[in-house]
Each structure stands twice: as structure tokens, then as C-alpha cells.
Amino acid sequence: MISFIICLVILIGGYFLYGKIAEKTFEPDDRETPAVKMNDGVDYIVMPQWKLFLVQLLNIAGLGPIFGALQGALWGPVVFLWITFGTILAGGVHDYFSGMLSERNKGASISEVCGIYLGGFMKNLMRVFSVVLLVMVGTVFAVGPAGLIETLFKEGGVGGILAEGEFWLWIVLAYYFVATFLSIDKIIGKIYPIFGICLIIMAVGVVFGLFTKGEYTVPEIWENFTNMHPEGTPVWSFMFITVACGAISGFHATQSPLMARCMKSERQGRFVFYGAMTAEGIIALIWAAAGCALYEVTGGLNTGLAEALSAGQSAAIYDVCAKTMGSVGVALAMIGVIVCPITSGDTAFRSARLTLSDWLKLGQDKYKNRLLLAVPLLGAGAFIAHLDYTVVWRYFSWTNQTLAMIVLWAASMYLFKEGKNYWITAVPATFMSAVSMTYLFCAPECFGLSTAVAYPAGIILAAVFMGIFIYATRIKKTPIG
């Protein structure tokens, strides 16, 4: 329990200390923001800071910091270190700069931002990459809740159309269309802060249960500094890929522009972007602690947690909530596993629409233009939802962290061009390059190479990326003639 508390204190302190360093490096000022200058009543709308924070938190979170953290707990309390320092040094920095660079560039989507600082090729690559990723995220976050609602009706003895997953899938997709099509303050701005509060209450309830129920003890890092994964899956780089949203996630960079278009002042950025990431890190830390504390350990391996996770993410979340909070926890879990994925899914489709609108230079102030993009996007989602995309989805975690890597390199180039300290982003960019490339080489669904080959290859390639960045900065510094 002591190591958990220490990590929690470091996380909170990281927001005030390292978050302030990130803010001073960027240097926000009093310039007119896109929400004020380009207010269109749809996507560019001024929202209060507290609402920006809660919507940003719900947009980037969903079930990511919950189920991802539970999966990360399979490696044992060593995951606390990645969640804590990953959030402070990488995730918070990534989210802050992705949001602020969008804000400085008229609320541009992250693909356009990367193109500005990394060139045309990267812009086009990120356009395709982002849209495909966002449609995939939105689709999965439609299928999952629809299947869960179907199960709940069947277990409750309800038959007919209400017990059909296909029916609920179309209901969720219809909601996505409405939420994606309407002004951001009509649905997202009004009800999402409430769900954001529910996500926080859920985490508080779990940690309260851990502290008050004597039968549960959070293990200490120094007493369990080993790989506790039942299948022997290596910590590097699998744990760093698995625990994405709770430490750093490229998906966040696709969501940050939504709130960058709604800020009244640049000075709100640290609280909205770095703050939301810190809150997500705290939520992930709590759920990882629950995964380590609530289940049986056999022979130094987290076999009990593995068994709970094998029943599915919904069942595992229910189990944790029931163990820590009783019947109240089950009710909160119902909200969490149904509402949270849906809220992330619809903003994923909204981000996809805005990415396409930036790409095609198609203004979104008119209903017709929004329809031209929203209809085919939701149509693609409906099509994908009926395919067997299980194998394809294995690549999501890798593409997610690779996107984060690219965004950090783009932020590094921005800081270099501005004559500011680019090491604050270049160091985590190099680290995430090593994580992403190592996973690409050794994961079974990728190249499947041995760790003896994959580990040095990933690290060498990350060093090459850093070398290319340094070379590019030297070239730009060299005077012509």
C-alpha cells in the first residue's frame, strides 16, 4: 500500500511541477483563441474550463484506464511505475502539446499539425492513419456496449427485439450520428461532464474499498519487483503497449483538438490537457492497484487476475466493483462499461469528421457539409461492425502508441523552430520509438522475432530516429552560403 500511495502523491505533484515546466516551455499567452476568433456555433464554441476538463477526460478515457490498467496489473505492481512516470514525463506532455499545437494552428486536427512540422508526406500518412484508427475505435466502442446491453436483457429474462445485439448496435450508431452531426455543446457539452464525474466517483469508490476492506492489500513494488505475468509475457515492451491510455496514448492526440477549439484562453491548456491526463493516470493507478490486490497469486504469478480477465472486460470490471463497493459498485460498473465506451466512440467519429473536413477544406458550419462527411463515416462504421475484425484489432495498441511517438516528434520540431527546449518532448519521443519498434519486431501478430533480436533492433531504430531529428536540427541551423 505504501508504494501505491507514493506513486499517487508523485502523480499529483507531477501535475503541479512538471506540468508547469511543460507550460513554461510552450509559453501560452493572451492571443485570441480559435473558439473566439472562429466561432461557428458547431465545433468552435467557448466552453467553461471545468466543462472542458471533464469532457476532455471522458473523451480520452472511456474504459482505457480501467481495463488497460487491469491487464497491466498482470505484470504486478511494477506497472505502477509506468503509469506514474509515463503519465508525468510522456502522457501529460504529449496531451498538452498536441492540444496546444492544435490551438495555435486554428484548432487543426492532429494530422494537419504533424504535417506543418514534419512535412507533407507525414501529413498525408497521418490523415489516412488517423481516420482509419478513429473509425476503428468508434466501431469497437459501438459493438461492445451493444453486446453488453443484449446480455443484460437476456439475463433479465427479456426476449424479442430488446435482446437482439443488432438492434442495439443500430441504436448506438444512430446516437453516434446525432452526436457527431450536432453542435458540440448540444449533447457532448451538456451530459458528458456528468459521465466524467461518474468515472471519477467509480475510481474513488474502488480505492476507498481497497483502503477499508481488511482482506485486501495492495502489494509493494520493492517486494514484488518481478515479472508476475502468468504467461511469462515480457515487461518490455508489452506492458508499455498494453497500458496505453493510463500512461500515454496517441488516441488522445486525435481528441485534444476538440477541446482546443473550445478554449477561451491558452492559459487553460495545462488544466484541460495535462490535468485530464493526470486524472486518467490516477484512475489507471487505482484500477491497477485493485488488479494486484483483489486476486490470488500462485507461485509469484497473478493467476487469479488472469482468470478474472478471461471472462471478459465487462465481467472483470463488475467483479472489481462488486468486491470493493458491493451493490453500489455494480450500479456504477453498469454506467462505466456501457456509457464510457459510447462517449469515447462518438467523439472518435466526430474527430474523424473534423480530420476529413481539414483534409478536404470543407467547412462544417453548414448542415450539408456535415452530412457529406458524417454519413459515409457512420456507414463505414456499420460495415466494419459486421466483419470479423478481431485479428485486425490486435494492431490497435501498436498503432496507438506509434501515433503518440509521431506526435511527440512533431512537438519536438515545433519547439526547435521556436528556439525552445525540445528535449522535453524529444526524450519521450525516443523512448516511445523504442517501445513501438521493439513491439513491432517481437509481437506474435507482427514480425514475431526473438527478444534477442527485437530488443536491440528496437533500441537501435529509436536511436536512429533521434539521430535523424538531431541531423535535421543541425541542417536548419546551418546558414546557407
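The values are calculated or read from the model by the stated rules, or taken from the named source; none is laboratory data. Nothing here was measured: the structure is a model prediction, and the numbers come from that model. Reconstructed Cβ throughout: ideal geometry from the backbone, glycine too, with neighbour counts over all protein chains shown. Each accessible area value is taken on the protein alone, full model and side chains, heavy atoms only, with ligands, DNA and RNA left out. Shrake-Rupley method; radii C 1.70, N 1.55, O 1.52, S 1.80 Å.
222 nm [θ] for the chain, helices only, -39500 (n - 2.57) per DSSP H run of 4+, per residue, to 500?
Details: 21 runs with 341 residues, N = 481.
When only DSSP H runs of four or more count, the value is -23500 deg cm²/dmol.
Roughly what percent of Cα-Cα pairs across the chain reach past 28 Å?
On the way: 57878 of 115440 pairs.
Value for the chain: 50 percent of Cα pairs lie more than 28 Å apart.
3J(HN,Hα) along segment 216-233, derived from phi through the Karplus expression 6.51 cos²θ - 1.76 cosθ + 1.60 where θ = phi - 60°, amounts to 10, 9, 6, x, 8, 4, 5, 9, 9, 7, 9, 7, 9, 5, x, 9, x, 4 Hz, with x in place of Gly and Pro. The HN-Hα couplings worked out from phi for segment 272-288 by the Karplus form 6.51 cos²θ - 1.76 cosθ + 1.60 (θ = phi - 60°) are 6, 8, 5, x, 5, 5, 5, 4, 5, x, 5, 4, 5, 4, 5, 6, 5 Hz, whole numbers, x standing for Gly and Pro.
What shape does segment 407-449 have by the C-alpha gyration tensor, where a ≥ b ≥ c are the square roots of the eigenvalues, rounded means a/c under 1.5, and otherwise prolate means a/b greater than b/c and oblate the rest? Prolate, since a/c reaches 1.5 and a/b exceeds b/c.
Rolling a 1.4 Å probe over the protein heavy atoms leaves W50 with an accessible area of roughly 140 Å². Comparing C446, Y367, C7 along the charge dipole axis of the chain, the residue lying farthest to the positive side is Y367, per the Cβ-charge model. Farthest toward the positive end of the dipole of the chain, out of P34, T87, P65, is the Cα of P34, where the dipole comes from beta carbon charges about the Cα centre. Highest mean packing comes first when the peptides 126-134, 428-436 are listed by Cβ atoms within 10 Å, giving 428-436, 126-134.
Under 5 Å between amide hydrogens, built in the peptide plane, is the criterion, and for G76 it picks out M228 among residues at least 5 positions away or on other chains. Computed over neighbours whose Cβ is under 10 Å from that of K106, the net charge equals 0, Lys and Arg +1, Asp and Glu -1. Length available on full extension from K361 to T226: 0.36 nm per residue minus the Cα-Cα distance, which gives 43.4 nm.
By how many nm would the segment from T473 to I201 lengthen if fully extended, with 0.36 nm per residue of separation less the alpha-carbon distance?
93.3 nm
Taking label points 7 Å from Cα along the Cα-to-Cβ direction, K190 and V427 give a separation of 4.6 nm. Across segment 40-161, the relative contact order, built from alpha-carbon pairs under 8 Å that are at least six residues apart, equals 8 percent.
Please report the relative contact order for segment 1-95, taking Cα pairs under 8 Å with a sequence separation of at least 6, and give it as a percent rounded to a whole number. Mind dumping the intermediate values first?
On the way: 30 pairs, mean separation 47.5, N = 95.
Relative contact order of segment 1-95: 50 percent.
Given Cα pairs under 8 Å that are at least 6 residues apart, what percent is the relative contact order of the chain? Mind dumping the intermediate values first?
Values: 774 pairs, mean separation 139.8, N = 481.
Rounded, it is 29 percent for the chain.
Available extension along the chain between S183 and M1 is 61.0 nm, counting 0.36 nm per residue and deducting the alpha carbon span.
What net charge is computed for the residues neighbouring S3, neighbours being all others with C-beta under 11 Å from the C-beta of S3, Lys and Arg scored +1, Asp and Glu -1? Don't skip to the end; give the middle numbers.
On the way: positive: none; negative: E220, E223.
Spelling it out: positives minus negatives among the neighbours equals -2.
What is segment 37-154 by shape, rounded, prolate or oblate, if you read a ≥ b ≥ c off the alpha carbon gyration tensor as root eigenvalues and call it rounded for a/c under 1.5, prolate for a/b larger than b/c, and oblate otherwise? Provide the component values of the computation, followed by the final result.
Values: a/c = 1.62, a/b = 1.33, b/c = 1.22.
Taking the square roots of the gyration eigenvalues as a ≥ b ≥ c, segment 37-154 is prolate.
In order along segment 449-459, phi translates into HN-Hα couplings of 7, 5, 5, 4, 9, 5, 4, x, 5, x, 5 Hz, rounded to whole numbers, per the Karplus curve 6.51 cos²θ - 1.76 cosθ + 1.60 with θ = phi - 60° and x for Gly and Pro.
If you count, for each residue, the other Cβ atoms within 10 Å and average over each peptide, how do 449-456, 400-407 line up from highest to lowest? All intermediate terms of the calculation are to be shown ahead of the outcome.
On the way: 449-456: 14.1, 400-407: 25.2.
Answer by packing, highest mean first, reads 400-407, 449-456.
Note on the chain: with neighbouring protein chains present and a 1.4 Å probe, carbon and sulfur make up 68 percent of its accessible heavy-atom surface. Approximating the spin labels as points 7 Å out from Cα along Cα→Cβ, the V235-to-I171 distance works out to 4.5 nm.
Under 15 Å from the Cβ of I12, count the other residues' Cβ atoms, weight Lys and Arg +1, Asp and Glu -1, and hand me the total.
Values: positive: K20, R270; negative: E280.
Summing Lys and Arg as +1 and Asp and Glu as -1 gives +1.
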